[in-house]
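Working notes, structure below.
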Amino acid sequence: MFAALDLTFVRRQFPAFEEPAWQGQAFFESAGGSFACRQVIEHLNRYYRQTKLQPCGSHPLSRRAGEEMDLAHARLADWLGVTADEVHLGPSTSQNTYVLAQAFAAQLAPGDEIVVTNQDHEANSGVWRRLASRGFVIKEWRVDAESGRLDPDQLAPLLSRKTRVVAFTHCSNILGQINPVADICARVHAAGALAVVDGVSFAPHGLPDVPALGADVYLFSLYKTFGPHQGSMVVRAPVLEQLGNQGHYFNSAQREKWLLPAGPDHAQVAASAGVAAYFEELYRHHFGTGEAGTSEKAENVRRAMRAAEAALLPQLLDFCRRDRRVRLLGPEDPQERAPTVSLRTLEASPNEIAARLSAKGIVAGAGHFYAARLLEAVGIPAEIGVLRLSFVHYTSQHDLNQLLTALDGSL
């Protein structure tokens, strides 16, 4: 089943597009954080107005507050293909990964090996590298210095009988390159290790089927998937059992709290259900109200979102390939990447170009975006960084035309 996205309907789900401040502006920094959808905003507003009290108590409103938090776990889990107690909602992906690494460290023995990459956002790299001070061996799976690509065949020499964890990214937040996660996870498992996948730059383009990928841990940021400022971390049940409860001992019966030592943000957790509600509305509007299960719905929504992005991405890539004032990073084939496009600007600094674009109504990013190791690996000083242009399914052809005109006049 396939249906082209009704962009008018889609954009009506995002109140930002109705705000006077956004009129005439085009948003191309979705990789740094997306607009929040109406469903999330309404959930958050209602929670603060009606149930802003300690949840799970005896009062009906307190019980309802807890039920809304539980519902968020359940609905997100459904769209990810996992169980509710495998979904952990914490303050950010960086914080979630830190807690995760500390939990793993308590289970490892000196000499055990952890493989990291220099393609990742620092959140899924630095926390593991720091464990070297505790006697664990850190190995680096390095990108190709010309393309920045991770070659799965280069992973094999790094794996040994002592490998315990391989941490890598689903999609580079600089290159936009989508890595073959299922294949990599299979290789990791064949070596007897666990796969920790950073999906922050992939999930905004469609929540993945986590079991199909084979990831033991899958992390992404809800504020980049149209939700509140929370990090979502899926930890599969066998791994969760192995890691054990990292939170308060009296919460040991609540497995969704095991990796949240600081406790949840009640309102934002409850509002996370709005992300799933938005995807439900997308499905219902485009595909009807048949008897499809959530897995089928998720696949159709993913395909529709990616198709909308694929209609625009080749135009941006073509401009970047032809313009001699920039160096395009990452794959030239739009099928191999997400719509996150980074450029080395050759006649002015990325920050200067971003400022010029801003004056023309374009929101773009400049910097290293916490992927300093990757930029240095491909010969770009992290302190200079790149110009990053990123978008998602709600971006229009008009937005793209405005960007291309502004780029041509700014580079």
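The values are calculated or read from the model by the stated rules, or taken from the named source; none is laboratory data. Owing to the predicted nature of the structure, the values given are computational and were not obtained by experimental measurement. A quick note on method: Cβ atoms are made from the backbone with ideal geometry, for glycine too, and the neighbour counts reach across all protein chains shown. Each accessible area value is taken on the protein alone, full model and side chains, heavy atoms only, with ligands, DNA and RNA left out. Shrake-Rupley method; radii C 1.70, N 1.55, O 1.52, S 1.80 Å.
Some notes on this structure:
- Residue among 204, 228 that alone is within 24 Å of residue 339 (Cβ to Cβ), outside any loop (DSSP other than H, G, I, E, B) and modelled with pLDDT of 95 or more: 204
- Residue 169 being open to solvent by less than 10 Å² (accessible area, probe 1.4 Å), touching a residue at least 24 places away in the same chain (Cβ under 8 Å) and more than 19 Å from the chain's Cα centre (by Cα): no
- Among residues of the stretch 154-166 being touching a residue at least 12 places away in the same chain (Cβ under 8 Å) and open to solvent by 20 Å² or more (accessible area, probe 1.4 Å), the one that is nearest to residue 95 (Cα to Cα) is 164.
- The single residue among 379, 330 that is touching a Gly at 6+ places or on another chain (Cβ under 7 Å) and closer than 23 Å to residue 177 by Cα turns out to be 330.
- Residues of the stretch 48-57 classified as surrounded by fewer than 22 Cβ atoms within 10 Å (Cβ to Cβ) and in contact with a Gly (Cβ under 7 Å, 6 or more places away or on another chain), total: 1
- Taking (1) at pLDDT below 95; (2) within 18 Å of residue 95 (Cα to Cα); (3) of a type outside the set (Val, Ile, Thr); (4) part of a helix (DSSP H, G or I) in turn, residue 223 satisfies each apart from (1).
- Under the condition of being open to solvent by 70 Å² or more (accessible area, probe 1.4 Å) and under 26 Å from residue 366 (Cβ atoms), the residues counted in the stretch 1-30 number 5.
- Restricting attention to the stretch 186-223 and to residues that are aromatic (Phe, Trp, Tyr) and touching a Gly at 6+ places or on another chain (Cβ under 8 Å), the residue that is surrounded by the most Cβ atoms within 10 Å (Cβ to Cβ) turns out to be 218.
- Residue check, residue 269 touching a strand residue (DSSP E or B) at 6+ places or on another chain (Cβ under 6 Å) and either surrounded by fewer than 17 Cβ atoms within 10 Å (Cβ to Cβ) or assigned to a helix (DSSP H, G or I) (or both): yes
- Top-ranked residue in the stretch 231-256 [being in a helix (DSSP H, G or I) and free of Cβ contacts under 8 Å to residues at least 24 places away in the same chain; ranked as surrounded by the most Cβ atoms within 10 Å (Cβ to Cβ)]: 251
- Summed over the stretch 104-146, residues that are of a type outside the set (A, V, I, L, M, F, W, C) and under 20 Å from the mean Cα position of the chain (by Cα) total 9.
- Condition met for residue 174 (of a type outside the set (Phe, Trp, Tyr) and either part of a helix (DSSP H, G or I) or in contact with a Ser or Thr (Cβ under 8 Å, 6 or more places away or on another chain) (or both)): yes
- Some residue of the stretch 31-47 being at pLDDT 95 or above, within 23 Å of residue 388 (Cα to Cα) and surrounded by fewer than 12 Cβ atoms within 10 Å (Cβ to Cβ): no
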